[in-house]
Amino acid sequence: MDIYNRNNGGAMIIISETLGNINQHKEWQDKILGTSPDYLILSPAQLEEECHQKSTHDGLRLAVFMPPNSMLVDGDILIWDEETKNSVIVKVISHDIMVINLQRLLCANSDTIIHYAFKLGLILGQHKLHAIIKNNLVYVPITIATSTLDAMFKENSFHSLSYWYVNGADIASLLTPIEIDLLFDGIFPSRHV
């Protein structure tokens, strides 16, 4: 059954149990390796809810009803279609994100752009911070104190760059599933799928 291509009129798929967990079971890691999973993105606070009525990253409408005294966890597999290799996996995004706006650099000369790019890359690398660049924005998961990041921007004279902090779950819809994996799984080195 291809859950993404069948004409179900946007009906909600009801789920009452998980199939396994990709973070805890090697057999699921092997099955999903090389596929492009869809994600049900949740914040840690949403995990405590027994009922979730939400769309996945790719727009599949789900109603997840967990049994009493159980809750979803990161990596839970909600849907697996053996024939099409489609899957839906719970992705818990608990980190805040620093968003750096590069828009102002677009009118700068090439030397200035190279200077800022090299300096920013060096500093992010020194702090072992992962980043995704998309639409002139740099997304960096916060794994160090925001006061350290604020000081870093001030000390390095990043006057032309504005930045702000957002909840990681709030920006997940702006990213592709591959970008979500690159951005958030990079801060959890124990999971390799």
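The values are calculated or read from the model by the stated rules, or taken from the named source; none is laboratory data. Just so it is clear, the model here is predicted, and its values are computed rather than measured. Here Cβ is always computed from backbone atoms with ideal geometry, including for glycine, and neighbour counts include all displayed protein chains. With ligands, DNA and RNA removed, areas are computed over all heavy atoms of the protein, side chains included. Shrake-Rupley method; radii C 1.70, N 1.55, O 1.52, S 1.80 Å.
List of remarks:
- Sites matching trypsin sites (Lys or Arg not before Pro) across region 41-149 that sit in DSSP coil, with at most 16 neighbouring C-beta atoms within 10 Å: LYS85, LYS128
- Between the amide H of SER55 and those of LEU62, distances stay under 5 Å, these residues lying 5 or more places away or on another chain, with hydrogens modeled in the peptide plane.
- With the convex hull drawn over the C-alpha atoms of the chain, the volume per residue is 141 Å³.
- With all protein chains kept in place, the per residue accessible area of the chain amounts to 55 square angstrom at a probe of 1.4 angstrom.
- Virtual spin-label span in nm between THR176 and GLN24, 7 Å along Cα→Cβ: 3.2 nm
- The 1.4 Å probe gives accessible areas that order LEU174, LEU137, LEU42, largest first, as LEU174, LEU137, LEU42.
- Couplings 3J(HN,Hα) for region 164-174, derived from phi with the Karplus relation 6.51 cos²θ - 1.76 cosθ + 1.60 (θ = phi - 60°), are 7, 10, 9, 6, x, 5, 6, 9, 4, 5, 7 Hz, where x marks Gly and Pro.
- Principal axis extents of the Cα atoms in region 137-189, from largest to smallest and rounded to whole angstrom, are 34, 23, 15.
- For region 15-112, fraction of C-alpha pairs farther apart than 22 Å, in %: 40 percent
- Computed from backbone phi with θ = phi - 60° and the Karplus coefficients 6.51, -1.76 and 1.60, the 3J(HN,Hα) list for region 12-23 is 7, 8, 9, 10, 10, 7, 9, 8, x, 9, 5, 7 Hz; x is used for glycine and proline.
- Rounded to the nearest 10 Å², the accessible area of VAL92 at probe 1.4 Å: 20 Å²
- Accessible surface of the chain, 1.4 Å probe, proportion on carbon and sulfur as whole %: 53 percent
- Structure-based [θ]222 nm, the chain - -39500 (n - 2.57) summed over DSSP H runs of at least 4, per residue, nearest 500: -7000 deg cm²/dmol
- Rounded to whole numbers, the Karplus 3J(HN,Hα) couplings from phi for region 97-108 are 10, 8, 10, 10, 8, 9, 3, 5, 6, 4, 9, 7 Hz, using 6.51 cos²θ - 1.76 cosθ + 1.60 with θ = phi - 60°, and x at Gly and Pro.
- Accessible-area order (highest first, 1.4 angstrom probe) of the listed residues LYS31, LYS154: LYS154, LYS31
- Rounded to the nearest 10 Å², the accessible area of HIS115 at probe 1.4 Å: 100 Å²
- Multiplying the residue separation of VAL99 and SER70 by 0.36 nm and subtracting their alpha-carbon distance yields 7.0 nm.
- Solvent accessible area, Å² - GLU17, 1.4 Å probe, full protein context: 120 Å²
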